[in-house]
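Working notes for the structure below.
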Amino acid sequence: MPYATIMFRRVLVANRGEIAVRIIRSLRYLGIHSIAIFGKEDRISLPTRIADESIYIPHEDSLASYLDIEAIVSAALEARADAVHPGYGFLSENPTFAERLEEEGITFIGPSPEALRILGDKIEARKVMNQAGIPVAKGSDGPISSFEEAKLISRDIGFPLIIKAASGGGGIGMQLVESQDDFDSALRLCQSSAESAFGDDRVFIEKFIQDAQHIEFQVLGDGKNAIHMGERFCSIQRRHQKIIEEAPWLSESERENIGSLVVSGAKSIGYKGLATFEFLRNSDGEFFFMEVNPRVQVEHTVTELITGLDLVSLGVQVAAGMEIPFKQFDINYIGHAIQARINAENPRTLIPSPGKIWECHFPGGPGVRIDTHAFSGYEMPEGFDSLLAKIISWAPSRQEAIFKLDTALDETIILGVDTLIPLHRQILNEKDFKNREITIDYLQLHPELQTRSS
């Protein structure tokens, strides 16, 4: 075993798709026996085929197989698992799941239930991170209790502003408000959406950051200490979901400044595991805290390529009780990396495109990485996220990384479903993208990119 002597023997992976494959690979590298779970549509999926063993969790609705806390806890007990890795999505941010595992003496590879509760409540997370010195946008200090209070706060903040669900995520329960005339209806809609989606109608108000860039910091904590591994730039999005990520992006001074703040934020709650601190940066270069994602991110690959670190293995190690094995000054950033999320979606309409993949070929060569669960004959199901693969390029410079990713996408063959590859290639060859003139409304400002995708 190439890493620590303190290590789990058996780990259950409570996820599916490309992230389950990624976790299983790190477990194998660490010498840990991997156990996959699967629903009825994933019987012959790649994770179930490469794991050391797999357990079927029967449900008529395949999605329910990955959300049934008691069934997954029972599977972990049946498999004699020392720990469970939740990946991202599904139960990865669920404090009840982490607590149930803890009750059974099984380690949750991630933060404590207490940390999950703090960070899962955007109002509380905003308050805690502000106390740690992290800048937040001007807004309400707590949930909005009445329309009268909301109007007073909105006048103080000024328009445009954004109403957010306290328990929100993925862009759900968010309403942009341009003027006072639209405020009442937007508030009602946001509260209703929040109640419907999360069972929690609490909302709060923030100043809307115009012409913003979305920048996030990768953090690792061991419960006592924390370090950061730099930033990722994630401003190219559709429906508040990222489709291209890259790193590095900031100057050394900006990285050092914001990096020290996120480390303080992680230490303030005794954070243990991988986390991503997300920010909006305005046109004046000011940063404003958005949220903390208390888990491995889809785009962790970008950071791995420029630092040479295996983030997933590090997350497993600190969960097993190991201290962070290096200091902040040991982190070096080499070259540039860009990731394209290959979603099974129509590149013009962005409508999901499930179905059978008749032929599947991914590129290779120096500086090209593929994370995927897809293969020829794979049936892309309807009920899950449309992410099919991630293609990541690395090169000494951003310009070279862009060219390398474009050529890798050109080589990719996926027949049977639509993908975003034509849209990715349009973006990579667009002038503003090449010149780093990118904000979170990039796709809205460049509608011709979708029109030309075919």
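The value of relative contact order for the range 29-77, using C-alpha pairs under 8 Å at least six residues apart, is 35 percent.
For Lys356, a cut-off of 23 angstrom between C-alpha atoms picks up these lysines, skipping any fewer than 8 places away in its own chain: Lys40, Lys390. With a cut-off of 19 Å on the backbone N, the residues of the range 236-265 near the modelled label site 7 Å out from Leu176 along Cα-Cβ are 236-244. Solvent-accessible surface of protein heavy atoms, probed at 1.4 angstrom with all chains present, puts Ser260, Ser167, Ser45 in the order Ser260, Ser167, Ser45, largest first. A 1.4 Å probe run over the chain, with the rest of the protein chains in place, finds 41 Å² accessible per residue. Apolar share of the accessible surface for the chain: 49 percent from carbon plus sulfur atoms, 1.4 Å probe. A cut-off under 14 angstrom between Cβ atoms defines the neighbours of Asp406, and their net charge, with Lys, Arg +1 and Asp, Glu -1, is -1. Each label was represented as a point 7 Å from its Cα along the Cα-to-Cβ direction; for His59 and Asn282 these points are 4.3 nm apart.
Listed by chain and number, the lysines whose C-alpha is less than 22 Å from the C-alpha of Lys122, apart from same-chain residues fewer than 8 away, are Lys138, Lys151, Lys164, Lys207, Lys242, Lys267, Lys272.
Compared with the alpha-carbon gap, the fully stretched path from Lys267 to Phe326 is longer by 19.6 nm at 0.36 nm per residue.
Each residue was assigned an accessible area with a 1.4 Å probe, and for Phe326 the value is about 40 Å².
Positive contributions from Lys and Arg (+1) and negative ones from Asp and Glu (-1), summed over other residues with Cβ under 10 Å from the Cβ of Gly87, come out at +2.
Could you tell me what percent of the DSSP beta bridges with both partners in the chain are antiparallel, to the nearest 5? Close to 80 percent. Approximating the spin labels as points 7 Å out from Cα along Cα→Cβ, the Lys40-to-Gln241 distance works out to 2.4 nm. Taking every alpha-carbon pair under 8 Å whose residues sit at least 6 apart, the range 8-166 reaches a relative contact order of 18 percent.
Counting heavy atoms of the protein chains alone, His336 has an accessible area of about 10 Å² for a 1.4 Å probe. Would you mind classifying the chain by shape? Square roots of the alpha carbon gyration tensor eigenvalues, ordered a ≥ b ≥ c; an a/c under 1.5 is rounded, otherwise it is prolate if a/b is larger than b/c and oblate if not. Rounded, since a/c falls under 1.5. Taking all Cα pairs closer than 8 Å and separated by 6 or more residues, the relative contact order of the range 77-231 comes to 17 percent. Peptides 12-20, 409-417, 219-227, ordered by how many other C-beta atoms sit within 10 Å of their residues on average, highest first, read 12-20, 219-227, 409-417.
Per residue, the chain reaches -9500 deg cm²/dmol at 222 nm when only DSSP H runs of four or more residues are counted, each adding -39500 (n - 2.57).
For the chain, a simple Cβ point-charge model (Lys and Arg +1, Asp and Glu -1, everything else neutral) yields a dipole of about 840 debye relative to the Cα centre.
The values are calculated or read from the model by the stated rules, or taken from the named source; none is laboratory data. Remember, it's a predicted structure, so these values are computed and weren't measured experimentally. Every residue, glycine as well, gets a Cβ built from its backbone with ideal geometry; the counts of neighbours run over all protein chains shown. Heavy atoms of the whole protein, side chains included, go into the accessibility calculation; ligands, DNA and RNA do not. Shrake-Rupley method; radii C 1.70, N 1.55, O 1.52, S 1.80 Å.
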